Amino acid sequence: MSPAVPSFELLPGAGTSPVILHVPHAARAVPPEVRAGIVLDDRALERELDHIVDAHTAELAERAAGRARVAPWRFVNRLSRLVVDPERFPDEREEMRAVGMGAVYTRTTHREVLRDPATDPEPLLERYFRPYARAMTGAVADRLAATGRAVIVDVHSYPTLPLPYELHGQGPRPAVCLGTDPFHTPGPLLAAAREAFGAWGDVGLDSPFSGTYVPLEYYGADARVRALMVEIRRDTYMTEPGGPPGPGLERLAESLAALVDAAGAS
């Protein structure tokens with residue numbers, strides 16, 4: 001059975017832009033055939049989505065793209081991360097497997113049962129995870145061919161207070177957290193992000209979340225692929241959990257557009 005909405009969408013930007021705004025966790029949609037394997041009742045599922053979804057980040061990326069001098073490309077997940085989480089390693093390399101939140105989650109943000117722990121993840125990986133990975137790899141390859149480089153800016157949000165699933169929730173929780181990779185995040189890209197979000201006055205590094213997304217074909221192997229994760233604390237722009245956006249969303253779009261401009265020019 002096909003999902004009611006596409007699994008993901010690549011929204012074209014300018015042909016000369018190397019920047020891809022990657023939005024993996026903004027959606028709430030769960031196809032019926034996937035919903036059947038989730039043990040939560042409807043009310044509990046909606047509550048879990050309120051906590052786990054990076055609400056309004058697709059809108060944030062859209063607004064930033066519209067403000068940038070050269071429009072970036074956008075790769076947007078149209079299904080909930082409760083279907084599959086496209087940013088997790090699909091194997092034992094993924095540390096979040098320790099709390100039942102590998103590529104296919106079996107536990108919730110509060111460490112309650114989401115799926116039967118004996119669930120075979122392979123059908124979901126084959127139906128959703130691998131096509132997503134192939135498409136994102138293709139998007140990066142296209143930017144490399146067109147511009148000689150690719151800059152992935154991962155757009156996320158996180159709750160003001162830590163949730164039980166967080167493995168590193170005891171660290172600082174700045175207004176904006178920049179997640180980095182020692183191979184794929186060069187100094188000039190990090191400096192551009194610090195400047196773009198400097199007006200927020202509280203920009204941290206790799207806490208409470210670290211790292212950034214790079215397709216496995218390029219990960220640790222091709223320095224032309226640059227990447228940075230932007231994690232925005234939710235109280236800066238929305239009502240938690242899962243509520244409407246506030247005026248901070250517009251200010252964040254301006255900051256993200258400034259980063260897009262700097263990343264595309266450098």
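The values are calculated or read from the model by the stated rules, or taken from the named source; none is laboratory data. These figures come from a predicted structure and were not determined experimentally. Because the Cβ atoms are built from the backbone with ideal geometry, glycine has one as well, and the counts that use them run over all protein chains shown. Just the protein is used for accessible areas: all its heavy atoms, side chains included, with ligands, DNA and RNA removed. Shrake-Rupley method; radii C 1.70, N 1.55, O 1.52, S 1.80 Å.
Here are the numbers:
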{"quantity": "Segment 87-105: number of residues that are within 13 Å of PRO121 (Cβ to Cβ) and touching a strand residue (DSSP E or B) at 6+ places or on another chain (Cβ under 7 Å)", "calculated": "2"}
{"quantity": "Matching option when the condition is modelled with pLDDT of 95 or more, out of contact with any Leu (no Cβ under 9 Å at 6 or more places or on another chain) and closer than 17 Å to ASP261 by Cβ, among THR147, THR160", "calculated": "THR147"}
{"quantity": "Some residue of segment 3-10 being assigned to a loop (DSSP other than H, G, I, E, B) and at pLDDT 95 or above", "calculated": "no"}
{"quantity": "Residue in segment 145-155 that is open to solvent by 20 Å² or more (accessible area, probe 1.4 Å), over 16 Å from ILE52 (Cα atoms) and free of Cβ contacts under 8 Å to residues at least 60 places away in the same chain present", "calculated": "yes"}
{"quantity": "ARG28 being under 13 Å from VAL76 (Cα atoms) and either free of Cβ contacts under 8 Å to residues at least 24 places away in the same chain or open to solvent by 20 Å² or more (accessible area, probe 1.4 Å) (or both)", "calculated": "yes"}
{"quantity": "Count of segment 66-97 residues which are touching a residue at least 24 places away in the same chain (Cβ under 8 Å), among the basic types (Lys, Arg) and not in a loop (DSSP other than H, G, I, E, B)", "calculated": "2"}
{"quantity": "Boolean, LEU60 is in contact with a helix residue (DSSP H, G or I) (Cβ under 7 Å, 6 or more places away or on another chain), in contact (Cβ under 8 Å) with a residue 40 or more places away in the chain, open to solvent by less than 40 Å² (accessible area, probe 1.4 Å) and part of a helix (DSSP H, G or I)", "calculated": "yes"}
{"quantity": "The lone exception for THR109 - which of (1) over 24 Å from ARG251 (Cβ atoms); (2) out of contact with any His (no Cβ under 8 Å at 6 or more places or on another chain) it fails", "calculated": "(2)"}
{"quantity": "Qualifying position, being open to solvent by 10 Å² or more (accessible area, probe 1.4 Å), touching a helix residue (DSSP H, G or I) at 6+ places or on another chain (Cβ under 9 Å) and not polar (S, T, N, Q), among ALA14, ALA36, ALA44", "calculated": "ALA14"}
{"quantity": "Listing of strands (runs of 3 or more DSSP E) fully contained in segment 174-266 that carry 1 or more residues being crowded, with 22+ Cβ neighbours inside 10 Å and among the basic types (Lys, Arg)", "calculated": "225-233"}
{"quantity": "Residue selected from segment 156-172 under the condition within 17 Å of ARG88 (Cβ to Cβ) and in contact with a helix residue (DSSP H, G or I) (Cβ under 9 Å, 6 or more places away or on another chain), by the criterion surrounded by the fewest Cβ atoms within 10 Å (Cβ to Cβ)", "calculated": "LEU167"}
{"quantity": "Number of the condition not met by ASP116 [criteria: (1) closer than 30 Å to ALA196 by Cβ; (2) touching a residue at least 12 places away in the same chain (Cβ under 8 Å); (3) open to solvent by 40 Å² or more (accessible area, probe 1.4 Å)]", "calculated": "(1)"}
{"quantity": "Matching option when the condition is open to solvent by 20 Å² or more (accessible area, probe 1.4 Å), more than 20 Å from MET136 (Cβ to Cβ) and in a loop (DSSP other than H, G, I, E, B), among HIS110, HIS51", "calculated": "HIS110"}
